[in-house]
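*Asks:* Here you go, one structure.
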Amino acid sequence: MLQKFRVGLTRDILDSRGEPAFGRDVLDVLDRADHIAWEYLPAVVPALDASHAAHYDAIYVNAVRVPAEAVARADCRLRVVARHGVGYDTVDVAAMTRSGIIVTNTPSSMPRPVATVALTFVLALAGKLFLKDKLVRSGRWDERMDNMGIGLTGRTLGIVGAGRIGKELLRMARAFDMNLIAADPRVDAIEMGYLGARKVTLDEVMRESDFVVVCSLLDEQTRHLIGADELRLMKATSYFVNVARGSVVDEPALIAALAERRIAGAALDVFECEPIDPANPLLAMDNVILTPHSLCWTDECFRNMASTGLKSIVDALSGRIPEFVVNPEVLDHPRVRAWRSA
């Protein structure tokens, strides 16, 4: 009898009805794989532990953390950690690599949804959308003249992190006839030119932009990349947008800049501590738009992420190399070579 691989899905991908947020039909890729038996983890957990790694060959994770101690025991059978999303700061990738565990993510699913979120924020801030909603609801119709928005033509949009998401945002923003600049040491100036953007330094982005949009991955190089010094470079009329990870920005420094009105406002989908602390001063600020790290969550986005992520599990457990491997060096690990050739 064929021994089946055990695959676990963390329960934080289920909605309030207990249904997968991406739809049941996406699970067909697991159901059709004769060598796989899958289930949801028994309970909602903030992080995987050694018992999960000892029980499953692959685990599909949304926001659940995967620390080093989860794979430290000798009875670890885990082979694949598949992230439902592009970021992998919740996974100890180095520890997975040392243990011979493939980490995958879904970068092809995210550029358009997250770029759309960033552009939505820019449009909402420029038009003072939320403020004008309040004017109507509070009977302050006659205050319209005192709350003029700003046009985008000729304004400068500055991108911090010009990877897949940043590039998609630049493509979309060209329609608004904005000046486009981007800071990212990993991208080529010629490539930026093809997108209608100019490659500049981080300081230049902060100093010149009317809208600063953070799109970078979070790693040790980008943690608190933007702090008090960088925020002081921004114009008093400029806006700050973060659709990346909260810890790319020194949040107390951002709060200070907003409280002191040194910048015009901000729109944030991500925070250093999630869920956000009820005492966080951002919640009381009238010049900030806040969303719960989910503004890009649409049926299209989740379906595409799950299709890519679950297929990576099937591919890996079938001996194939998944399309998106975060730690490609692990493919040379003796443990990985052994089970891929078995």
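The values are calculated or read from the model by the stated rules, or taken from the named source; none is laboratory data. Just so you know, these numbers come straight off a predicted model, no measurement behind them. FYI the Cβ positions are ideal-geometry reconstructions off the backbone, even for glycines, and counts take in every protein chain you see. Surface areas here come from the heavy atoms of the whole protein model, side chains and all, with no ligands, DNA or RNA. Shrake-Rupley method; radii C 1.70, N 1.55, O 1.52, S 1.80 Å.
*Asks:* If I go through region 277-321 residue by residue, how many of them are crowded, with 16+ Cβ neighbours inside 10 Å, in contact with a Gly (Cβ under 9 Å, 6 or more places away or on another chain) and either closer than 30 Å to L258 by Cα or not basic (K, R) (or both)?
*Replies:* 8
*Asks:* Within 25 Å of the chain's Cα centre (by Cα) and buried (at least 18 other Cβ atoms within 10 Å of the Cβ), is that true of G196?
*Replies:* Spelling it out, it is not the case that G196 is within 25 Å of the chain's Cα centre (by Cα) and buried (at least 18 other Cβ atoms within 10 Å of the Cβ).
*Asks:* Out of the residues in region 217-235 that are part of a loop (DSSP other than H, G, I, E, B) and acidic (D, E), which is least open to solvent (accessible area, probe 1.4 Å)?
*Replies:* The extreme case among them is D219.
*Asks:* Sticking with this structure for a sec: Could you please tell me which pairs satisfy a Cβ distance under 9 Å, a separation of 6+ or placement on different chains, a first residue in region 296-315 that is free of Cβ contacts under 8 Å to residues at least 24 places away in the same chain, and a second residue that is open to solvent by 60 Å² or more (accessible area, probe 1.4 Å) and in a loop (DSSP other than H, G, I, E, B)?
*Replies:* Note: pairs meeting the criteria are D315/I321; D315/E323.
*Asks:* Then there is this: Working only within region 1-27, note down all residues that are out of contact with any Leu (no Cβ under 9 Å at 6 or more places or on another chain), surrounded by 12 or more Cβ atoms within 10 Å (Cβ to Cβ) and more than 18 Å from N304 (Cα to Cα).
*Replies:* Result: K4, R6.
*Asks:* Where residues in region 293-341 are assigned to a helix (DSSP H, G or I) and acidic (D, E), which of them is farthest from P111 (Cα to Cα)? Show your work before the answer.
*Replies:* Residues of region 293-341 that are assigned to a helix (DSSP H, G or I), as a first pass: 299-317, 328-332, 334-341.
Retained after the next criterion (residues that are acidic (D, E)): 299-300, 315, 329, 332.
On the way: D299: 15, E300: 12, D315: 23, E329: 25, D332: 30 Å.
For region 293-341, the residue satisfying everything is D332.
*Asks:* If you don't mind, another one. Considering only residues that are touching a Leu at 6+ places or on another chain (Cβ under 9 Å), open to solvent by 20 Å² or more (accessible area, probe 1.4 Å) and under 24 Å from G87 (Cβ atoms), which ones fall in region 199-214?
*Replies:* Selection gives L202 alone.
*Asks:* For the structure I just gave you, tell me whether L30 is free of Cβ contacts under 8 Å to residues at least 40 places away in the same chain and surrounded by 15 or more Cβ atoms within 10 Å (Cβ to Cβ).
*Replies:* The answer is no for L30.
*Asks:* Working only within region 182-192, note down all residues that are outside any loop (DSSP other than H, G, I, E, B), loosely packed, with under 14 Cβ neighbours inside 10 Å and in contact with a strand residue (DSSP E or B) (Cβ under 8 Å, 6 or more places away or on another chain).
*Replies:* A189
*Asks:* Given the residues L152, L157, L170, which is the only one that is in contact (Cβ under 8 Å) with a residue 12 or more places away in the chain, in a helix (DSSP H, G or I) and over 20 Å from S294 (Cα atoms)? Walk me through how you get there before you give the answer.
*Replies:* On the way: L152 fails: in a helix (DSSP H, G or I); L157 fails: in a helix (DSSP H, G or I).
Just one listed residue meets the conditions, L170.
*Asks:* What's the number of the only condition in (1) in contact with a Phe, Trp or Tyr (Cβ under 9 Å, 6 or more places away or on another chain); (2) farther than 30 Å from L152 by Cβ; (3) not acidic (D, E) that S99 fails to meet?
*Replies:* (1) is the only condition that S99 fails.
*Asks:* For I102, only one of the following conditions fails: (1) in contact with a strand residue (DSSP E or B) (Cβ under 9 Å, 6 or more places away or on another chain); (2) open to solvent by 30 Å² or more (accessible area, probe 1.4 Å). What is its number?
*Replies:* (2)
*Asks:* Would a scan of region 236-245 turn up a residue that is at pLDDT 95 or above, within 25 Å of I165 (Cβ to Cβ) and open to solvent by 70 Å² or more (accessible area, probe 1.4 Å)?
*Replies:* Checked region 236-245: no residue is at pLDDT 95 or above, within 25 Å of I165 (Cβ to Cβ) and open to solvent by 70 Å² or more (accessible area, probe 1.4 Å).
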